[in-house]
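So the structure is just underneath, and the comments pick up after that.
A short reminder: the numbers here are calculations on the coordinates, not readings from a lab. Everything quoted here is computed from the prediction, not taken from an experiment. Cβ placement follows ideal geometry from the backbone for every residue including glycine, while neighbour counts extend to all protein chains displayed.
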Number of protein chains: 2
Amino acid sequence: MPKNAVDILKQNRLSITGSRQKILEFFLSNGGALSHADIEKNVGEAFDRVTIYRTLQTFVEKGIIHLIPTTDNSIKYALCKNDCAPGHHHDNHVHFICDECEKIICLDQVTIPVVRLPKGFTPQHSEMVVTGICGECR
Amino acid sequence: MPKNAVDILKQNRLSITGSRQKILEFFLSNGGALSHADIEKNVGEAFDRVTIYRTLQTFVEKGIIHLIPTTDNSIKYALCKNDCAPGHHHDNHVHFICDECEKIICLDQVTIPVVRLPKGFTPQHSEMVVTGICGECR
DNA sequence: AGTAAATTTGCAACAATGATGCAATATTTT
DNA sequence: AAAATATTGCATCATTGTTGCAAATTTACT
């Protein structure tokens, strides 16, 4: 279970580059979910917008980060805590969005329940997002 | 329970205009979820892009349609079957996205289960999306 | 039905987000 | 350290969504 940027990159056989390290470190230090805009604000002076897009795509493909479903059209990314195999994420935890501070938190302990679907439907993957007030904002 | 466009508009005290009728009829005839792009393809020749945006916003505010969370950055809308009060949607059904035909289906019969959250978190609203293969694509 | 008031629409312009091709640069491999 | 490979930055473009404002439409009121 590596927890520093370089180890994670090595483990996924990715070149160790400045942008990948910086972006990954930002995820590691932040904890919650991040959007492209968040990252651009944080490291955008050092790296091109396009590089950030491509880095995020690479991280998703390798299973280093995962996408979080939202109803606005913003794409949010969060670190995978379980080690996800490349191309096959197996996070199945609930995501929590705080209405107050707007932070998105991975509830790694809370597993998405299995639901019974109508006849004919074959489930493959589930996502669940709960909104409300987080511990810090109460 | 009105099922035609004009009645729904009247019930929500909205002006009866061509665009609103056409867009609402498209939802009524389609059944599944629609994106702005879907609607633009269908009625885009008749109405301006901006009008479609504003119409969809109005419908969401009035509780005529609701948003469906996605991991790509596309906003999807679907008709509310339960009558949602303006500003307060109370759909709590599971959404199904078919990996084959890419259709998004509201599983009105399937209620989102309640999950137990860690200490401090106060839930307010839940969303659940299941992907897989739908009945028609099997 | 006809007119005034209120609402909605279309247009123009703009901002943000995301994708692609290609040459320059950095990283890895040998 | 040089060659091979991979990544980056730049320029450019497409898509998506927003806002202000004048023109057109719808509704409300006699």
Requested in this report: Post the alpha-carbon centroid distance, segment A:103-138 to segment B:6-83, in whole angstrom.
Outcome: 27
Query - Dimensions in Å of the protein assembly as shown - Rg and Dmax from alpha carbons - result: 20.4, 61
Report summary line: Cα-based Debye curve of chain B sampled at q = 0.09, 0.20 Å⁻¹ gives log₁₀ I(q)/I(0) of -0.29, -1.27
Requested in this report: Would you work out the relative contact order for segment A:86-138, in percent, from Cα pairs under 8 angstrom that are 6 or more residues apart?
Outcome: 46
Query - Neighbouring partner chain Cβ atoms per residue of B:106-119, average, 10 Å criterion - result: 4
Query - Normalised contact order of chain B, rounded percent, pairs of Cα under 8 Å and 6 or more residues apart - result: 19
Report task. Over the whole of A:65-75, what's the average partner chain Cβ count within 10 Å per residue? Rounded to a whole number, please. Result -> 5
Requested in this report: Among B:ILE104, B:ILE64, B:ILE75, determine the one that fluctuates most according to a GNM of chain B built with springs between C-alpha atoms less than 10 Å apart.
Outcome: B:ILE75
**Report entry** Computed [θ] at 222 nm, deg cm²/dmol, chain A (DSSP H ≥ 4; -39,500 (n - 2.57); rounded to nearest 500)
**Finding:** -9000 deg cm²/dmol
